[in-house]
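Below you'll find the structure, written out as structure tokens, and then a few comments.
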Amino acid sequence: MFKRLSLTQRLLAGTALAITLAFGILLAITVQQSRQGAVEQAELGMRTQLDLVVTMLDYAQESLKTRARDQLTLLEHELPGKASLGAPVATGKRELPRLRFGELEGNNNPEFLEAYRKRNGVDAAFLVREGDTFYRASTLLKDADGKHRVGEAIKDAYAATLLRGETYTGTLERGGRLYVLGAKPVLGADGKVIGGITVRLDAEANVTMLKDRLRNIAVGSSGYLYVLAPPSGDSKESRVLMHPQHEGKRLSELDANTIRPVLEKQLAERNGTHRYAWTNASGRQLEKIAMFKEQKELGWIVASSTAIDELTAASAALRNLLLGLSVGFGLLLCAGIGGYIWTSLRRLQPVTQGIEALAAGDLG
């Protein structure tokens, strides 16, 4: 077929093909580099944003721990005398050493703790040591029957800190609420640890304030921040602390074929970047990117997620602009080169006709 074309047509076709290939390759390289650069720049922005959010949580956590230490000091100053141990007394279902602070009874004394809570707005407790185990001597915590949970062994991690003679401040969860706990060892006359005092501050107001701040942080045009919490305190399952659709749910309550595997992966890896396929509310298939980072003190996973298309919107606009310009410029170039070739070959037409006549045997 190509042989049937005239010389002019062959030159024009070859020129058009060369121009199309050149512009196509240039356009593909430009778009790919632009898209990759846009994604990398957006990822850097998301990572910086995530670092700032975790730093904000660090400061909030440290502020709560400072309050807990202050409350421990206040409680210690309100105790009327030095600590001592006496003969065992019935404490709940156990016989435990009798803890006293001067003349103040440390066992079975919820009245003192209630009065202290009214004055200071803080839940306090007394612990007594027997062997290498701490037990609740006096507490405001109650069981399902409404009885004070005295005589129970302390199984939380802070017990080991008290056993070393060190003060502990950290967070724990009780009944789905987050608290900040301060615990300080109580020393006997010989300087050995004989018990402990604790204060517990409700941190839910701080959590609510942090959630409100995080919700106001934009991630692209439709992205969002969310927070995951691993099992903690009396909560035995990972939960979604903050999320536009799934806040407050346990992971087991989420769809096992869509969002649950994504969040389980992030909880397992703790820190990193995750790309995954997603179907939005309108049924459209998307590629999403999530960046996540652990707040070590709380164990929370803070993450931000958005669609890749949002990150590459500028490069897509650039691609469309370059495509339009390339097509237009290519057509103009083809027209210009074609016109030049056609004009040049037209001037050679008499020579071509003479050669054709000579070939046909016309010697006139």
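A short reminder: the numbers here are calculations on the coordinates, not readings from a lab. Remember, predicted model here, so these are calculated numbers, not experimental data. Please note: Cβ atoms are built from the backbone with ideal geometry, for glycine as well, and neighbour counts cover all protein chains shown.
For the stretch 227-270, the set of GluC sites (Glu not before Pro) satisfying both a DSSP loop assignment and a count of at most 15 other C-beta atoms within 10 Å is given as Glu237, Glu247.
Return the ratio Rg/(2.2 N^0.38 Å) for the stretch 219-309, where Rg is computed over Cα atoms only.
Working: Rg = 12.9 Å, N = 91, 2.2 N^0.38 = 12.2 Å.
So the Cα radius of gyration is 1.05 times the expected 2.2 N^0.38 Å.
Within straight cross-link reach of Lys293, meaning Cα distance under 17 Å, which aspartates and glutamates are found once same-chain residues fewer than 8 apart are removed? List returned: Glu43, Asp51, Asp58, Glu264, Glu269. I need the shape label for the stretch 79-205. Rule: rounded when a/c is under 1.5, else prolate if a/b > b/c, else oblate, with a, b, c from the alpha carbon gyration tensor. Judged from the Cα gyration tensor, the stretch 79-205 comes out rounded (a/c under 1.5).
Arrange the following residues from fewest to most other Cβ atoms within 10 Å of their Cβ: Met291, Met209, Met56.
Values: Met291 21, Met209 11, Met56 16.
Ranked by crowding around the Cβ, least crowded first: Met209, Met56, Met291.
Amide H contacts of Ala203: Leu178, Tyr179, Val180, each under 5 Å away and 5 or more positions distant or on a separate chain (H built 1.01 Å from N in the peptide plane; Pro and chain starts excluded).
Relative contact order (percent) for the stretch 183-273, with alpha-carbon contacts under 8 angstrom and 6 or more residues of separation? Spell out each step's value before the answer.
Values: 84 pairs, mean separation 11.7, N = 91.
For the stretch 183-273, the relative contact order is 13 percent.
Within the stretch 166-220, which GluC sites (Glu not before Pro) sit in a loop by DSSP and count at most 15 neighbouring Cβ atoms inside 10 Å? Please list the in-between numbers first.
Values: sites: Glu166, Glu173, Glu204; in loops: Glu166.
Loop-located and lightly packed - Glu166.
Sequentially through the stretch 75-89, phi angles give Karplus couplings (6.51, -1.76, 1.60; θ = phi - 60°) of 4, 4, 6, 7, 6, x, x, 6, 7, 8, 10, x, 4, x, 10 Hz, Gly and Pro residues having no value and appearing as x. In terms of other Cβ atoms within 10 Å, Ser221, Ser63, Ser138, Ser84 run from fewest to most in the order Ser221, Ser63, Ser84, Ser138. Centre-to-centre separation between the Cα atoms of the stretch 159-186 and those of the stretch 57-96: 9 Å. Backbone amide hydrogens, once placed in the peptide plane, bring Gly195 within less than 5 Å of Arg129, Val186, excluding anything fewer than 5 places away on its chain. Think of each Lys and Arg Cβ as +1 and each Asp and Glu Cβ as -1; about the Cα centre, that makes the dipole of the stretch 219-309 roughly 80 debye. The stretch between Ser282 and Asp51, if pulled fully straight at 0.36 nm per residue, gains 80.0 nm over its current Cα-Cα span.
Among Ser252, Ser238, Ser282, the ranking by other beta carbons within 10 Å of each residue's beta carbon, starting with the fewest, stands as Ser282, Ser252, Ser238.
In debye, nearest 20: dipole of the stretch 79-205 around its Cα centre with unit charges on the Cβ of K, R (+) and D, E (-)? Mind showing how you got there, number by number?
On the way: 20 positive and 17 negative charges, 17 e Å.
I would put it at about 80 debye.
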